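Coordinate-derived values only; no laboratory data. Every value quoted in this text rests on a predicted model; they were computed, and no experiment measured them. Ideal geometry is used to build each Cβ from the backbone, glycine not excepted, and the neighbour counts take in all protein chains shown.
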Amino acid sequence: MPARRKIHLPLTEMENEDIGFECPESGPILSGDGTADEDLVCGRCERTLFLALTRDDLYEALVKGFALTKTRGRRFPLVAICDCGAINRVWPLIPG
């Protein structure tokens with residue numbers, strides 16, 4: 001199996017409409033089934049925050065069981081707060 005690519009998430013500030021995920025020390029907060037070819041890592045310290053997920057599937061994987069759509073159907077942006085204190089934009093990814 002080829003090695004997965006590490007995608008560095010862009011650092012951002014948390015906005016009022018962002019949904020934040022605290023990333024625990026014990027490891028990535030979400031793991032795919034191992035078939036995806038990307039790991040999403042903190043833009044500051046390079047810690048793996050999301051393991052084996054594709055960017056296209058990320059939003060649906062994270063929000064299972066949540067109702068995170070606005071009345072106009074616009075989805076909320078997602079951020080991950082790393083243990084190092086960095087706030088990483090997870091979805092939608094901002095071109096860096």
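Report the full-extension gain for the segment Arg47 to Asp83: residue separation times 0.36 nm, less the Cα-Cα distance, to one decimal in nm.
Gain in length upon complete extension: 12.1 nm.
If you count, for each residue, the other Cβ atoms within 10 Å and average over each peptide, how do 15-25, 79-89 line up from highest to lowest?
Packing order, densest peptide first, comes out as 79-89, 15-25.
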